[in-house]
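Read-outs throughout are calculated quantities, based only on the coordinates presented, and are distinct from any laboratory measurement. Keep in mind that what you see is a predicted model, and the values were worked out from it rather than measured. Methodologically, a virtual Cβ is constructed for each residue, glycine included, from the backbone with ideal geometry; neighbour enumeration extends over all protein chains shown.
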Amino acid sequence: MTGNINIFVWSTIICWTLFAACWLLLRNETKENVSTRTFRQRNMGFLGYLIIFSLLYLPFFVTNRFVFRIIPPYAALQSVGALLCAAGVGICIWSRIVLGWNWSGGVTAKKDHELVIKGPYRLVRHPIYTGFICAVAGTCLVTGSLPGIVISCVYTLGLCMKISDEEILLSNVFPDSYATYQQHTRKLIPFIW
C-alpha cells in the first residue's frame, strides 16, 4: 500500500461498506419487473461500482504518473469529505428503505408499481442518486486522486442520463400523478434542480 490511510479514509470505507451491506440485504426485496432484465443489465451496476471504487481508492495501492493526489490531504478538506460521504450514504440508505419493494437497479417498471413521494422523496425525485453523488464527492475530497475525480464526473453524467430515462418511464407509468409530482419536487438538489 502506498497511500496514507487515515481516519478519514477509514470512515469513507466504513460508509461504503454500510451502503454495500444495505444493497445486498435488500437486493431481492423488490416487486417483479414488468419486463425481464438481461444478464448484462443485471450485472452492469456491479461492474460500475467496482470501477468507481477501484479508481476512488487507487492512490492507496498504486502510485505512478497517472495516479496521484490532486486534492491536498488537508484535515479540514478530508473531514468535510468524510461528512459528505456519511451524509450521502445515509440519504441513499434512507431512500432505499422508503422506496421499499418499488426499487429497481435498472430503469424498469414493476408489477403493481407505486409512486413513492414520502420521506426523502418529498425533497427530490431521485434521492438515492443525490446521496450517491454526495457520497462520491465526499470520497473524492478524502482520497483526492485524479482518476477518482474523473470517474466520479463520468458516473455523475451517467446518472443524469439514467434520470432522464427514469423520468420518461415514470411519466408513462403515472401520467397524471408524476407530472404533478414533477411540478412540486426538484430532480436532485432540493429547491434548486
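Rounded to the nearest 20 debye, the dipole magnitude of the chain is 180 debye, with +1 charges on Lys and Arg beta carbons, -1 on Asp and Glu beta carbons, and the Cα centre as origin. The stretch between Ser171 and Thr108 holds 21.4 nm of extra length on full extension. This uses 0.36 nm per residue minus the Cα-Cα distance. Shown for the chain are the DSSP H helices of 30 Å or more along their axis, judged by Cα atoms, with a mean Kyte-Doolittle hydropathy of at least -0.5: 75-99, 146-173. Taking GluC sites (Glu not before Pro) in DSSP loop states with no more than 11 other Cβ atoms inside 10 Å as exposed sites, the chain has its longest site-free stretch at 33-193. Going by neighbour counts of Cβ atoms within 10 Å, the residues Val116, Val173, Val89 line up, fewest first, as Val173, Val116, Val89. The candidate values were (1) 53, 38, 26; (2) 48, 38, 30; (3) 49, 48, 40; the one computed from these coordinates for Cα extents along the principal axes in Å carries the label (1).
Along the axis of the charge dipole computed for the stretch 40-184 (Cβ charges of +1 for Lys and Arg, -1 for Asp and Glu, origin at the Cα centre), the listed residues Tyr155, Thr139, Ala87 are led at the positive end by Thr139.
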